[in-house]
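Participant: Once you've had a glance at the structure underneath, I'll fire off some questions.
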Amino acid sequence: MLDLFSEEAPWAEPLADGAVILRRWAREEAGNLMRLVEEVSSQNPFHHRITPGGHRMSVAMTNCGDFGWSSDARGYQYSERDSATGHRWPAMPDLFRRFASQCAGEAGFPQFTPDACLINRYEPGAKLTLHQDKDEQDLKQPIVSVSLGLPAVFQFGGFERGDAAQRVLLEHGDVVVWGGPSRLRFHGILPLKPGIHPLTGAFRFNLTFRRAFR
Ligand code: MD3
Ligand code: FE
C-alpha cells in the first residue's frame, strides 16, 4: 500500500508536563540501532524473566551498559551482572549513549548520560501492565524511550494505578523523553497486534535509556 506519510519529517510535541514525544526521530538511525540490538542480544540473549510473583513476563528483555534491570524471585533491581548468568551486561554502544543524550538534550535535559539500557522485545500478544519506573536512584533524571518496528498502544496514566489513562500510538522511530512530573506516572503497553515490519519482522523493540545510579 502507498504510505502517504513516509516522507514526513520528524517533529516534537509535548505529551504532558515533562514528557515530550519526538516523533520519528530514530528513523534515520533505526537500521544502525537494530544492528546494535542484534549484537547486544547475541551476547546476552532475550529472556522472558519471572516476576517476584512467579509469572513469566510476555515481554522478553536484555540489557546493555554498566547496569541492567531485571526481575527474579528476589524482586526488581538494577545490577552490574545478569543474575541469570552471572555475567556482566554487554557494554552500551557509543551510538546508543550519544543518541539518548542528544534526545534528552532536545527535551530540556542537557546533562543526561545513561548508565543502563533496557531492551524490550514484544511478540504478538505481549504486553506490559500499568507500572511505575522507580527503581532508579535519582528520579530527577529522565528516561528516554525509543520504539522500533511494529506499532503499539501506549497507556499513559496518572500517579495512582486507578487513574484514567490516555492512549498514545507509538510507532517505528518514535522517541519519548519522560522527565519532571511525568517521570512517576503509571504507564503500560496494550497487547501487541501481529504484523510484519520491514526492519524488525514480527516484533516490536523498545529501548529505554536510564540513569540507574547517581
Ligand atoms: C513513562 N517500557 O521498560 S516505553 C519500561 O514500550 C517501559 O516497552 C514500555 O515502560 C515499552 O519500563 C514503555 C515508554 C516509557 C518508558 C519509561 C517511562 C514511558 C515512561 C517512565 C516513566 C513514565
Ligand atoms: Fe516503564
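The values are calculated or read from the model by the stated rules, or taken from the named source; none is laboratory data. What you are looking at is a predicted structure, and each value in this text was computed from that prediction instead of being measured. Quick reminder, even Gly has a Cβ in these numbers, built from the backbone with ideal geometry, and neighbours come from all protein chains shown.
Participant: What are the pairs, 6+ residues apart or on separate chains, where a residue within segment 11-32 that is free of Cβ contacts under 8 Å to residues at least 40 places away in the same chain has its Cβ under 8 Å from a residue that is basic (Lys, Arg) and buried (at least 17 other Cβ atoms within 10 Å of the Cβ)?
Facilitator: Short answer, once both residue conditions are applied: Trp11/Arg23; Trp11/Arg24; Glu13/Arg23.
Participant: Also: Would segment 137-148 turn up any residue that is assigned to a loop (DSSP other than H, G, I, E, B), at negative phi, within 16 Å of ligand 2 (Cβ to nearest atom) and of a type in the set (Gly, Ala, Ser)?
Facilitator: no
Participant: Still on this structure, I have one more. In this structure, does Gly86 turn out to be assigned to a helix (DSSP H, G or I), more than 26 Å from Thr200 (Cα to Cα) and not aromatic (Phe, Trp, Tyr)?
Facilitator: no
Participant: Could you count how many residues in segment 101-121 are surrounded by 17 or more Cβ atoms within 10 Å (Cβ to Cβ) and part of a loop (DSSP other than H, G, I, E, B)?
Facilitator: 5
Participant: Counting only residues that are at pLDDT below 95 and either among the acidic types (Asp, Glu) or within 23 Å of Glu123 (Cβ to Cβ) (or both), how many does segment 56-81 have?
Facilitator: The number of residues fulfilling the criteria is 4.
Participant: Now, a different point. Scanning for something part of a loop (DSSP other than H, G, I, E, B) and within 13 Å of ligand 2 (Cβ to nearest atom), does segment 189-211 turn up at least one residue?
Facilitator: Checked against the condition, which is being part of a loop (DSSP other than H, G, I, E, B) and within 13 Å of ligand 2 (Cβ to nearest atom), segment 189-211 yields no hits at all.
Participant: On to the next question. Can you name the residue in segment 27-53 that is under 15 Å from Ile119 (Cα atoms) and of a type in the set (D, E, K, R) and, of all such residues, is surrounded by the fewest Cβ atoms within 10 Å (Cβ to Cβ)?
Facilitator: Result: Glu38.
Participant: Quick one: count up the residues across segment 122-137 that are within 9 Å of ligand 1 (Cβ to nearest atom) and buried (at least 16 other Cβ atoms within 10 Å of the Cβ).
Facilitator: 3
Participant: On the given criteria, is Leu150 closer than 22 Å to Ala12 by Cα and either in contact (Cβ under 8 Å) with a residue 24 or more places away in the chain or acidic (Asp, Glu) (or both)?
Facilitator: Yes, satisfied.
Participant: When Thr129 is evaluated against the numbered criteria (1) over 18 Å from Val146 (Cβ atoms); (2) in contact with a helix residue (DSSP H, G or I) (Cβ under 9 Å, 6 or more places away or on another chain); (3) assigned to a strand (DSSP E or B), which criterion, by number, is the only one it fails?
Facilitator: (2)
Participant: Something else: Would you be able to tell me the number of residues in segment 169-185 that are touching a residue at least 60 places away in the same chain (Cβ under 8 Å) and within 12 Å of ligand 2 (Cβ to nearest atom)?
Facilitator: Of the residues in segment 169-185, 5 are touching a residue at least 60 places away in the same chain (Cβ under 8 Å) and within 12 Å of ligand 2 (Cβ to nearest atom).
Participant: Any residue at all in segment 175-188 that is surrounded by 18 or more Cβ atoms within 10 Å (Cβ to Cβ), more than 13 Å from the chain's Cα centre (by Cα), away from ligand 1 (no atom under 12 Å from the Cβ) and not hydrophobic (A, V, I, L, M, F, W, C)?
Facilitator: The answer is no; no qualifying residue exists.
Participant: Something else now. Select from segment 149-168 the residues that are closer than 23 Å to Arg56 by Cβ and away from ligand 2 (no atom under 14 Å from the Cβ) and list them in ascending order. Give the steps one after another, and end with the answer.
Facilitator: Filtering segment 149-168 down to residues closer than 23 Å to Arg56 by Cβ leaves 149-150, 152-155, 161.
Once the filter is applied, which keeps residues that are closer than 23 Å to Arg56 by Cβ and away from ligand 2 (no atom under 14 Å from the Cβ), segment 149-168 yields Gly149, Leu150, Val153.
Participant: Counting only residues that are aromatic (Phe, Trp, Tyr) and loosely packed, with under 13 Cβ neighbours inside 10 Å, how many does segment 54-88 have?
Facilitator: Residues of segment 54-88 aromatic (Phe, Trp, Tyr): 67, 69, 76, 78.
In the following step, the residues that additionally are loosely packed, with under 13 Cβ neighbours inside 10 Å were identified as none.
Matching residues across segment 54-88 total 0.
Participant: Conditions: (1) in contact (Cβ under 8 Å) with a residue 40 or more places away in the chain; (2) surrounded by fewer than 15 Cβ atoms within 10 Å (Cβ to Cβ); (3) among the basic types (Lys, Arg). Arg98 meets all but one. Number of the miss?
Facilitator: (1)
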